[in-house]
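Q: Take this structure, written in structure tokens, and hold onto it; I'll ask about it next.
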Amino acid sequence: MKKLLPFVSGSNLTNILLILLVAVLTACNKDDELVIQGAPQIELDSETGVYTVKTGRTVVVSPSYKNVEGAIFTWTVDGKLYSASPVLEFSSEEKGEYFAILRVDTEFGSAKEEIKIEVLDRTPPIISFLLPPQGLRNCLNLIQ
């Protein structure tokens, strides 16, 4: 029987297969970037980190997260374990200030944020306006 590839011997075949294996493995990364997951990051949905709620009502704290695959979430309120969810839903029948700490742990590190929750008898009303994209001046000109 005649060899189909006469230049390929046993050691050459091993070298060719090794080169092909390396080429296939390096070709899987389209951007030629080595992706390494870093420590978790927390971004609160409040710029001040202060949340206000009326007694008996529930405040929902929904932070944004990065690098939290396989993470363990822990919320403690005034030093006591309160929740193990990524989102905190807090309510109290007693007015006062409560301090909550969110901790996120992964195999690549941990992150921690502290927030303050103010529970009040009465909360100030929140007034918001929807402004047209062209602004108020253009709207006022149309009315006149």
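Laboratory data are not the source of any read-out in this text; all were calculated from the coordinates shown. These numbers come from a predicted model, not from an experiment. Don't worry about glycine lacking a Cβ; one is built from the backbone with ideal geometry, like all the others, and counts go over all protein chains shown.
Q: With r defined as the distance between the Cβ atoms of Leu81 and Gln37 and R0 fixed at 25 Å, what FRET efficiency is calculated, to the nearest 0.05? Could you put the intermediate results ahead of the total?
A: Numbers: r = 26 Å, r/R0 = 1.06.
The calculated FRET efficiency here is 0.40.
Q: A further question follows. Compute the label zone of Ile72 within the stretch 98-123: residues whose backbone N is under 11 Å from the point 7 Å along Cα-to-Cβ.
A: It comes to 104-107, nothing else.
Q: Any chance you could tell me what percent of the C-alpha pair distances in the stretch 41-120 go past 16 Å?
A: Values: 1518 of 3160 pairs.
When all Cα pairs of the stretch 41-120 are counted, 48 percent exceed 16 Å.
Q: Further question on the same structure: Which FRET efficiency, nearest 0.05, do Ser110 and Ile19 yield, Cβ-Cβ r, R0 25 Å? Could you put the intermediate results ahead of the total?
A: Values: r = 42 Å, r/R0 = 1.68.
After rounding, the FRET efficiency stands at 0.05.
Q: Kindly rank 77-90, 118-131 from highest to lowest mean number of other beta carbons found within 10 Å of each residue.
A: Details: 77-90: 13.5, 118-131: 8.9.
Going by the mean number of other Cβ atoms within 10 Å, highest first, we get 77-90, 118-131.
Q: Turning to a different aspect of this structure: Need the full-extension length gain, Thr48 to Ser62, defined as separation in residues times 0.36 nm minus the C-alpha distance. One decimal, nm.
A: Working: separation 14, 0.36 × 14 = 5.04 nm, distance 1.40 nm.
That works out to 3.6 nm of additional length.
Q: What length, rounded to one decimal in nm, is gained on full extension from Glu89 through to Asp121, with 0.36 nm per residue of separation minus their alpha-carbon distance?
A: Working: separation 32, 0.36 × 32 = 11.52 nm, distance 1.85 nm.
Stretched fully, the Glu89-Asp121 segment lengthens by 9.7 nm.
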